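Asks: One structure coming up, written as structure tokens, with questions to follow.
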Amino acid sequence: MRIFKGIFLGFIALAVLSTSPLYAADAVVASSFGFNAEDATECLQKAIDSGAKTVIVDKQASSWNVRPIVLRGDLELVLQEGAEIIAKQGEFKKLGDALLTASGASNIVIRGEGKGAALRMRKQEYWNEPYQKSEWRHGVSILSSENVTLENLTIADTGGDGIYVGVSKRGVPCRNITVKNVDCVANNRQGISVISVDGMLIEDVLVRDTVGTAPAAGIDFEPNLDDEQITNVVMRRVKAINNHGAGFTFYLVNLKDIGEDLSVRMEDCQAVRNHSGLSFAATNGEQKTLHGQIDVVNTDLIGNFVGVEIRSKWADGAPFAFKNVKIVTPSADKALKFGEYADYDFNVKTEELVEKWRETTVESGISLIAVGTDLDANGGFSFDNVEIIDASSDAPDFLFLMRDASSEGVGFKKISGAIKSTKLDKDGAVESSSVAELNEEKIFELFPQLNARRVAAVPFDVLNDPNYEAQSSEIANFWKENASKKQGFRTRGEGTYYFFAKAGETITWTFQQRQLGSYHVNPVLSTLKTPSGKEITLDPMETDLAPKTFEYKAEESGWHSLDTNFGPSVLEMTSDDPVLTAARPSLNVCGTVGTFKFYVPTGTEDLGLRVVGSPAERVTVTIVDPDGKQVEKLENVSALGVWSAEVDEATGAPIAPKPGLWTLIFERPTIGVLEDYIVTILGVPALIQ
């Protein structure tokens, strides 16, 4: 019987090869090595390992159910029309298991014939026990490989990314990667992730319906290390539709200017009804990232809740050029009912969420954002024939936002061109149209707070500087006498705290971590730095959300710092001892109202406060001096609220603020909701309780 089966499969293989002129002479049919409907791993792997130039995965009565498959170099893997390679049920338990993996290999083609050739996994199976949560069960994992082509395939329901382009050897990027006519659908983390590549063409590709694990983007460019690169990348006729995160995202915070120049070109692309159409984040400061060029040309961003959001783009770095770009807000999308997308099946979002996606906000246009840690001006943008189309009645006429959330007000520069704003009625007819020229005068007219007087920051290093000893002692003595245990700020992501202690003195504090929404909870990692600079790693705080009290006996006298990092959840600190929260470079606050204090020592020459909100998440802040006088009230801060000490009209110098205990009162806004906002204090060591 086995002999007969082997002869029969061999006959079928010969028939397949003889009827197609597309296969090389040394092609083999995978089923000639056997076929097991329950587990075809051994058969397929033997075919690949046979050394044949071409391996044909022939269509069987059932799919090719396999465990992880390893690809070799010099291989053409052809899936016949309707043939599917599917992850075997109950397998792929290792976090890094991928359906197909190529590591350190060259000259690989994976292509489908006709219609219906597919690579599929079992995403929802991996969401439950006994599987550990993972972002890495990819469909095709390409690592430190070159000359790899994926063409005419569907890649669906993976536990991680449809396609992952990364490294298996440090410093060795993938090179010459081509993805053409591929449909990446309903994958868990990304349709495509690009970690390190030199030379990549993504053409006529659809990335859609990504949902499961953040960032949940269509395509994500995200190097992990500073020796990785994103160079010579072209995306042409790529459509990112209905992804839970961004359509196209560039998260480049790990790149430095010591690496290769960034070079990306998007042309004739579309991002349709994602959370954001195009998202970009980099670093800004020492070893500034992003020399090179980024071009977005002939591209439409349609119905995305956030249109374009760009954070920390260094003005003197890679120019970012937009040419012939159309941004259609959710309300205009609803009014225009775009042809092929009018009845698109929103199988990622609930009907309620879909309806919310049709609401326009300020951020549905273009947002340029400088963040708290930025040290230099943001910018380096040009806009040529860029139009924002909107049909809402309550959104601003001009949906272009510049928010300077940096601690010291780095501002924006090198912004040129113009943006056209078009308003539609509910039936899609044009009501009005205007053009804003983006020169410095117009920008300050639109965003006057960007031209506010800057107040210099005081670095925390001065607390242990002998030249600042009098002020430092004044601050320490005040808080020694006046510290009180109370609810502190609820901070997100990370936080820094300071306390003064004499050698031998014991300081205690308690951390309480709280989960925010459905975000995962990370262990709290804390590093204590002594006045001499010695770093002490404290025991991690586990993820059970129970309060944990820390106790530290000082080895030396002076100001100590405590850095914490805890991811997307919220951390709150209380202490009977004077442990103070640092509001610089910025304090990322979540859902906190109440009265807080900061101390201004004798001899302070200037004082300032910066508060950053967003159009949806706002806060009201009142500033009170030591005499109990209200000096300013910043109401419903939606972008940037700035206050600084008055200036002497005769000399132009700031009038010295009154020494003593100043008060900040944080209240819920009357517009929008209270959630995330940022606080920075300038002119004094930014310590608050």
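The values are calculated or read from the model by the stated rules, or taken from the named source; none is laboratory data. None of the values given here were measured: they were computed from a predicted structure. Cβ: placed from backbone, ideal geometry, glycine included. Neighbour counts: every protein chain shown. Remember, those area values only see protein heavy atoms, side chains included, never the ligands or the DNA or RNA. Shrake-Rupley method; radii C 1.70, N 1.55, O 1.52, S 1.80 Å.
Asks: How big is segment 176-268 by Rg and Dmax over its Cα atoms, in Å?
Replies: When restricted to Cα atoms, segment 176-268 yields Rg and Dmax of 12.7, 37 Å.
Asks: Rounded if a/c is under 1.5, else prolate if a/b is larger than b/c, else oblate: which is segment 65-145, with a ≥ b ≥ c the root eigenvalues of its Cα gyration tensor?
Replies: Because a/c hits 1.5 or more and a/b fails to exceed b/c, segment 65-145 counts as oblate.
Asks: If you don't mind, there's one more thing I want to ask. Hey, what do the phi angles of segment 210-225 turn into as Karplus ³J(HN,Hα) couplings, whole Hz, using 6.51/-1.76/1.60 and θ = phi - 60°, x for Gly and Pro?
Replies: Here the 3J(HN,Hα) series is 6, 7, x, 10, 4, x, 6, 9, x, 10, 10, 9, 8, x, 8, 9 Hz.
Asks: Could you give me the percent of Cα pairs per 5 Å distance bin for segment 547-689, shortest bin first, beginning at zero and ending with the bin that holds the maximum distance?
Replies: Bin by bin from 0 Å, the calculated values are 2, 8, 17, 20, 19, 15, 10, 6, 2, 1, 0.
Asks: Could I ask something else about it? What is the sum of charges around residue 101, taking Lys and Arg as +1, Asp and Glu as -1, for the other residues whose C-beta is under 12 Å from the C-beta of residue 101?
Replies: +3
Asks: Could I ask something else about it? Roll a 1.4 Å probe over the protein chains and send me the accessible area per residue for the chain in Å².
Replies: 42 Å²
Asks: Scan segment 147-246 for trypsin sites (Lys or Arg not before Pro) in coil per DSSP, keeping those whose Cβ has at most 11 other Cβ atoms within 10 Å, and list them by number.
Replies: Hits after loop and neighbour filter: 169, 170.
Asks: How much of the DSSP beta bridge set in the chain is antiparallel, as a percent to the nearest 5?
Replies: Percentage antiparallel, nearest 5: 35.
Asks: Students often get this wrong, so check it: of 413/442; 169/288; 326/426; 59/88, which have C-alpha atoms separated by over 21 Å?
Replies: The pairs that break the limit, which is 21 Å between Cα atoms, are 169/288.
Asks: Now, a different point. Taking a ≥ b ≥ c as the square roots of the Cα gyration tensor eigenvalues, with a/c under 1.5 meaning rounded and otherwise prolate when a/b beats b/c, else oblate, which class fits segment 384-479?
Replies: It is prolate, given that a/c is not under 1.5 and a/b is the larger ratio.
Asks: Need one number: nm distance between label points at residue 647 and residue 563, each 7 Å from Cα along Cα→Cβ, rounded to one decimal.
Replies: A separation of 3.5 nm, rounded to one decimal place.
Asks: List the extent of the Cα atoms of the chain along each of their three principal axes, largest first, rounded to whole Å.
Replies: The Cα atoms of the chain stretch 98, 67, 44 Å along their principal axes.
Asks: Can you bin segment 558-633 into rounded, prolate or oblate? Criterion: square roots of the alpha carbon gyration tensor eigenvalues sorted a ≥ b ≥ c, rounded for a/c under 1.5, prolate for a/b above b/c, oblate for the rest.
Replies: Verdict is oblate for segment 558-633.
Asks: Where the accessible area of the chain is counted over protein heavy atoms with a 1.4 Å probe, how much of it, in %, is carbon and sulfur?
Replies: Of all accessible area on the chain, carbon and sulfur atoms account for 48 percent.
Asks: Please go through segment 262-342 and write out the GluC sites (Glu not before Pro) that DSSP classes as loop and that have at most 11 other C-beta atoms within 10 Å.
Replies: 286
Asks: Taking the Cβ-Cβ separation of residue 467 and residue 393 as r and a Förster radius of 56 Å, what is the calculated FRET efficiency to the nearest 0.05?
Replies: 0.45
Asks: Please work out, to two decimal places, the log10 of the ratio I(q)/I(0) at q = 0.20, 0.22, 0.30 Å⁻¹ from a Debye calculation in which every Cα of segment 365-425 carries one identical scatterer.
Replies: So the normalised log intensities work out to -0.81, -0.89, -1.19.
Asks: If the convex hull of the alpha-carbon atoms of segment 191-349 is projected onto planes in all directions, what is the mean projected area in square nanometres?
Replies: About 8.7 nm², averaged over all directions.
Asks: May I pose another question? All other residues with a Cβ under 11 Å from the Cβ of residue 514 taken together, and with Lys, Arg as +1 and Asp, Glu as -1, what is their net charge?
Replies: So the environment of residue 514 carries a net charge of +1.
Asks: Name the residues whose placed amide hydrogens come within less than 5 Å of the amide hydrogen of residue 54, ignoring near sequence neighbours (fewer than 5 apart) on the same chain.
Replies: Placed amide hydrogens put 27, 28, 76 under 5 Å from residue 54.
Asks: To the nearest 500 deg cm²/dmol, what mean residue ellipticity at 222 nm is calculated for the chain from DSSP H runs of n ≥ 4 alone, each contributing -39,500 (n - 2.57), summed and divided by the residues?
Replies: -2500 deg cm²/dmol
Asks: Could you grab the relative contact order for the chain? Cα pairs under 8 Å, six or more apart, rounded to a whole percent.
Replies: Result for the chain is 6 percent.
Asks: Expressed as a whole percent, how much of the Cα-Cα distance distribution for segment 114-164 exceeds 19 Å?
Replies: 35 percent
Asks: Still on this structure: With a cut-off of 18 Å, note down the residues of segment 546-571 whose backbone N falls inside the zone around a label point 7 Å from the Cα of residue 494 toward its beta carbon.
Replies: Hits in segment 546-571 for residue 494 at 18 Å: 561-571.
Asks: Same structure, new question: Using DSSP to call loops (not H, G, I, E or B), can you name the trypsin sites (Lys or Arg not before Pro) in segment 78-141 whose Cβ has at most 16 other Cβ atoms within 10 angstrom?
Replies: Sites meeting the loop and neighbour criteria: 93, 94, 115, 133.
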